[in-house]
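K.L.:
Dropping the structure in here first, questions after.
The values are calculated or read from the model by the stated rules, or taken from the named source; none is laboratory data. Only a predicted model underlies this, so the values are computations on that prediction, with no experimental measurement involved. Note that each Cβ is placed from the backbone with ideal geometry, even for glycine, and that neighbours are counted across all protein chains shown. For accessibility, only protein heavy atoms count, side chains too; no ligands or nucleic acids. Shrake-Rupley method; radii C 1.70, N 1.55, O 1.52, S 1.80 Å.
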2 protein chains.
Amino acid sequence: MKEDIITLGHGSGAGLTHELIADVFHKEFNLPSLDDSARISNRMVVSTDSFVVKPLFFAGGCIGTLSVNGTINDVSMSGSKPLYLLASFIIEEGFSIKDLKKIVQSMQQSAEESQVRIIAGDTKVVKRGECDGIYITTTGIGILPEDVNLSATNIQIGDEILVNGTLGDHSAAIINARQKLMLDPMPASDCAPLYGIVQFLLRTGKLKFARDATRGGIATILNEIYRETKLGIIIEEDLVPIKNTTKVLCDLLGLDVLYLANEGKLISFVSAMTQEMIGELKKQKYAEGAAVIGKVTDEVDGVYLRNSIGSLRPLRMLASDPLPRIC
Amino acid sequence: MKEDIITLGHGSGAGLTHELIADVFHKEFNLPSLDDSARISNRMVVSTDSFVVKPLFFAGGCIGTLSVNGTINDVSMSGSKPLYLLASFIIEEGFSIKDLKKIVQSMQQSAEESQVRIIAGDTKVVKRGECDGIYITTTGIGILPEDVNLSATNIQIGDEILVNGTLGDHSAAIINARQKLMLDPMPASDCAPLYGIVQFLLRTGKLKFARDATRGGIATILNEIYRETKLGIIIEEDLVPIKNTTKVLCDLLGLDVLYLANEGKLISFVSAMTQEMIGELKKQKYAEGAAVIGKVTDEVDGVYLRNSIGSLRPLRMLASDPLPRIC
């Protein structure tokens, strides 16, 4: 590693994060990877994540909804049923107890929506200026049904790539809140639990692999999958669902929606879903905007975006991400 | 709650922390208590804790050893065998990668000593000034043997109260490091895994309940136990093991060792251990200084300290603790 200090890029979820993980965590912890999730027995899945989003409250959610749904989603992507959550709070001296209650209430509501129980926690308080309001770390525990085995190794040439709705909504909400852009309609985060959608896809018998497309967006996830499978991926630009406001925001600030964070979107690899199945999927909660956006193919070696006139451009793993504290 | 903002006292582990937990977390999460540990099935125990200790490196350990042993100890107190650990990092921009590696290495060493595997993690980076170096949240998972049922409800009049060595060593090391007191010999933290000691005590057949005496010291733990059991407790001042340097430090700064934090000490309630058993206990690692320091009694209603001339003074639950970021 060239630099000897931590930079914001190391927390972006993009290339520098991967380097840091490879250089420090994999090596020291003797792990093939340091994912946020792990299977601890044949049937139990655990996942941990820290949430440092700024601002704490934003259209569509807050650090509380994010910290519950984010970890629930990590657990859900394996096909597991999330059951329990632990929550640890680092709070800055002077933080409003009213805001703390709002956050904790939203955590409980989110947990209840997913029938998840918050069972244990911890609270630490640091002096003014030693954290920025509140940081929350949640750990989720779920049970994996015996017949479920979702894995990137299941992915094959010809598989379709499916998302459950418009991309970039979470980043758009955070950017709008930070920059006070007054976009109309105001972008709202897509923060939502994805367990139900994974379960629906499992019932179709067509699901091979799913990942929630958070930090780094779908472009980063697709690159991670390419690194693992070495199978080519083409995304069709015209098929990518995007809200008009998000498009305006991207044009305004020169951002690429494929790298923006989502908090209620998964990217899934499926084999030959019928139109009827996709129609049924769209009736599921949080999947109204579901769309096939690309496929796994031997036409390319890497991850590519095809635009409306048919030209291909590579979607590379970014070294960093311009938006710290997105989640 | 009178104050409407978070104060350092809310993170002290003492009375204000209890109030905050009762007012915010218990109520919203619909829990009888928000402990750091919980049993999620008959045989699985989980625990989560955030570590914000300052300074990050101190005699006897660092935030890494603390974050692993602290959570391992929480899991161990139930009699469980800790097996897995998840670790989530919040790192300040500009933090030294060399120091990060030292911390991560010490985590791995501590995990190996306890045959615990670090299996998953997360990294977030925040801007300069948005945290103080590095904060680590760990979550531990352990398995409880079927025949073990340690609980404060097992405690009875006549039970003896046992510690595994000198008290206050962790706070002494932190205070010495912060205040640059140059005490000689330099106080070192007692940071250590306590699984082996709990297991030894279980094998004697005499153990009823054990707790690691961290934030708030043994006085806080004893008050928590009194609140739960309503059984009187007397601690004999002359029996409390304390290092000479810690005594000097307490005299110098007007501190009470019974409220100082430990990171490698447990307080256990046992019935009639023989001298031979205590002799054997002292041969266990991290238990050389083990001593019976008091008993459960109907002589008093509350938690009391008896000094060498026989007078009793109450050991109350403090509202706050003068030492933020002790762990």
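K.L.:
Give me P(r) over region B:198-264, computed from all C-alpha to C-alpha distances, binned every 5 Å, as integer percentages.
P.N.:
4, 14, 19, 23, 21, 11, 6, 2, 0
K.L.:
Let me ask something additional. Looking at the square roots a ≥ b ≥ c of the eigenvalues of the Cα gyration tensor of region A:97-204, which shape do they give, rounded for a/c under 1.5, prolate if a/b is larger than b/c, or oblate?
P.N.:
oblate
K.L.:
So, one more: PRE reach from B:Val148 (point 7 Å along Cα→Cβ): which of region B:69-96 fall under 15 Å by backbone N?
P.N.:
B:71-84
K.L.:
In whole percent, and with a 1.4 Å probe on the protein chains, what portion of the accessible area of the protein assembly as shown is carbon and sulfur?
P.N.:
The computed percentage sits at 49.
K.L.:
May I pose another question? Let me know the mean shielding of A:17-24 by other chains, meaning the per-residue number of their Cβ atoms within 10 Å of its Cβ.
P.N.:
What the average comes to for A:17-24 is 3.
K.L.:
What share of all Cα pairs of region B:152-314, in percent, falls into each consecutive 5 Å distance bin?
P.N.:
P(r) over region B:152-314, rounded to whole percents: 2, 9, 19, 22, 20, 15, 9, 3, 1.
K.L.:
In addition: Connecting C-alpha atoms closer than 10 Å in a GNM of chain B, tell me which of B:Pro185, B:Pro193, B:Pro55 has the biggest fluctuation.
P.N.:
B:Pro185
K.L.:
Next question. Shielding by partners for A:36-46, please: the mean number of other protein chain Cβ atoms within 10 Å of each residue's Cβ.
P.N.:
Mean number of neighbouring Cβ atoms from other chains: 4.
K.L.:
Would you kindly work out, in nm and rounded to one decimal, the distances from the label point of B:Asp35 to those of the same position in each other copy, ordered shortest first, with label points 7 Å along Cα-to-Cβ?
P.N.:
For B:Asp35, the other copies' label points sit at 3.2 nm, shortest first.
K.L.:
Using a 10 Å cut-off on Cβ to Cβ distances, tally the other chain neighbours for every residue of A:90-103 and report the average as a whole number.
P.N.:
Mean number of neighbouring Cβ atoms from other chains: 5.
K.L.:
Step by step: find N for chain A, compute 2.2 N^0.38 Å, then divide the Cα radius of gyration by it. What's the final number?
P.N.:
Output field value: 0.96.
K.L.:
Return one whole number: the accessible area per residue of chain B in Å², for a 1.4 Å probe.
P.N.:
Averaged over the residues of chain B, the accessible area is 38 Å².
K.L.:
In a GNM of chain B with a 10 Å cut-off on Cα contacts, which of B:Ser41, B:Ser67, B:Ser80 has the highest mean-square fluctuation?
P.N.:
B:Ser41
K.L.:
For a quick check, take a GNM of chain A with Cα springs below 10 Å and name the residue from A:Ile233, A:Ile161, A:Ile21 with the largest mean-square fluctuation.
P.N.:
Largest GNM mean-square fluctuation: A:Ile21.
K.L.:
Which one, A:Val296, A:Gly217, A:Ala173, projects farthest toward the positive side of the charge dipole computed for chain A from Cβ point charges (K/R +1, D/E -1)?
P.N.:
In chain A, that residue is A:Ala173.
K.L.:
Please report the relative contact order for chain A, taking Cα pairs under 8 Å with a sequence separation of at least 6, and give it as a percent rounded to a whole number.
P.N.:
This gives 25 percent for chain A.
K.L.:
Take every Cα pair under 8 Å in region A:35-143 that's 6+ residues apart, average their separations, divide by the length, and report that relative contact order as a whole percent.
P.N.:
Relative CO of region A:35-143 lands at 42 percent.
K.L.:
Sort the following peptides by mean Cβ neighbour count (other Cβ atoms within 10 Å, averaged over residues), highest first: B:210-220, A:247-257.
P.N.:
Peptide ranking by packing, descending: B:210-220, A:247-257.
K.L.:
Per the Kirkwood formula on distinct C-alpha pairs, the Rh of region A:231-274 is how many angstrom?
P.N.:
In region A:231-274 this quantity evaluates to 12.6 Å.
K.L.:
Estimate for me the total accessible surface buried between chains A and B (protein heavy atoms, probe 1.4 Å, no ligands or nucleic acids), in Å² to the nearest 100.
P.N.:
In total, chains A and B hide about 6400 Å² from solvent.
K.L.:
Could you list, bin by bin from short to long, the percent of Cα-Cα pairs of region B:157-235 in 10 Å steps?
P.N.:
14, 40, 31, 13, 2
K.L.:
Of the trypsin sites (Lys or Arg not before Pro) in region B:49-151, which ones lie in a loop per DSSP and count no more than 16 other C-beta atoms within 10 Å?
P.N.:
For trypsin sites (Lys or Arg not before Pro) across region B:49-151 that sit outside H, G, I, E and B with at most 16 neighbouring Cβ atoms in 10 Å, the list reads B:Lys127, B:Arg128.
K.L.:
About its Cα centre, what dipole magnitude does region B:152-314 give when the only charges are +1 on Lys and Arg Cβ and -1 on Asp and Glu Cβ, stated in debye to the nearest 20?
P.N.:
340 debye
K.L.:
Shifting gears a bit: Sorted from shortest, what are the nm distances separating the label point of A:Asp298 from equivalent points in the other copies, each placed 7 Å from Cα along Cα to C-beta?
P.N.:
Distances to the matching label points in the other copies: 8.5 nm.
K.L.:
Enumerate lysine pairs in region A:36-171 that are 8 or more residues apart or on different chains, then count those whose Cα atoms are under 18 Å apart.
P.N.:
Lysine pairs satisfying the spacing and distance rule in region A:36-171 number 5.
K.L.:
Using alpha-carbon pairs under 8 Å, 6+ residues apart, how would you state the relative contact order of region A:152-314 in percent?
P.N.:
Rounded, it is 43 percent for region A:152-314.
K.L.:
Only protein chains counted, 1.4 angstrom probe. Which residues of region B:303-327 are at least 40 Å² less accessible in the assembly than when their chain is isolated?
P.N.:
B:Arg325
K.L.:
While we're looking at this one, here's another question. Pairs of lysines 8 or more apart, or on different chains, with alpha carbons under 20 Å: count those in region A:152-314, would you?
P.N.:
22
K.L.:
Okay, next question. Quick one: in region A:36-80, what % of C-alpha pairs are over 16 Å apart?
P.N.:
42 percent
K.L.:
Additional query: B:Asp238 label points, 7 Å along Cα→Cβ, one per copy: pairwise distances from this copy to the rest in nm, shortest first?
P.N.:
Computed spacing set for this position: 9.3 nm.
K.L.:
Computed on alpha carbon atoms, what radius of gyration and Dmax characterise the protein assembly as shown, expressed in Å?
P.N.:
When restricted to the Cα atoms of the protein assembly as shown, Rg and Dmax are 26.1, 94 Å.
K.L.:
Another one. If you find the alpha carbon centre of region A:73-87 and of region A:45-67, how far apart are they in angstrom?
P.N.:
15 Å
K.L.:
Starting from a Cα-only point model with no solvent, please compute log10 I(q)/I(0) by Debye for region A:35-143 at q = 0.18 1/Å.
P.N.:
Taken in order of the listed q values, log10 I(q)/I(0) reads -0.82.
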